[in-house]
Amino acid sequence: GYRENLEKLEKAYPGRGMLTMNEVAAFCGVSRMTVVRWKDSGKLTVQQTGRGKKVLVPAQSLARFCAG
């Protein structure tokens, strides 16, 4: 569930509240394009920084998403 996913994320990315698209893909075992599709469909909450140049995924959002 959600808490277990947060623990896994903390172990994999200690002290990181935000993850890159590539990190999300690696954590979930999918391609970066799959993560982009999740983002584009609204299934995965993201935050854009620097005029939309960089897309980051909040760890809590990813934990919720993975919990289903």
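Tabulated values for the structure
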| quantity | calculated |
| --- | --- |
| Residue in the stretch 27-68 that is surrounded by the fewest Cβ atoms within 10 Å (Cβ to Cβ), counting only those that are among the hydroxyl-bearing types (Ser, Thr, Tyr) and either under 20 Å from residue 4 (Cα atoms) or at pLDDT 90 or above (or both) | 41 |
| Restricting the stretch 26-63 to residues that are among the basic types (Lys, Arg) and not in a strand (DSSP E or B), the residue that is farthest from residue 8 (Cα to Cα) | 51 |
| Hits in the stretch 16-26 (condition: open to solvent by 70 Å² or more (accessible area, probe 1.4 Å) and either within 12 Å of residue 62 (Cα to Cα) or modelled with pLDDT under 95 (or both)) | 16 |
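The values are calculated or read from the model by the stated rules, or taken from the named source; none is laboratory data. In this text, all values refer to a predicted model and were calculated from it rather than measured experimentally. Cβ atoms come from the backbone with ideal geometry, glycine included; neighbour counts cover every protein chain shown. Side chains included, ligands, DNA and RNA excluded: accessible areas come from the protein's heavy atoms. Shrake-Rupley method; radii C 1.70, N 1.55, O 1.52, S 1.80 Å.
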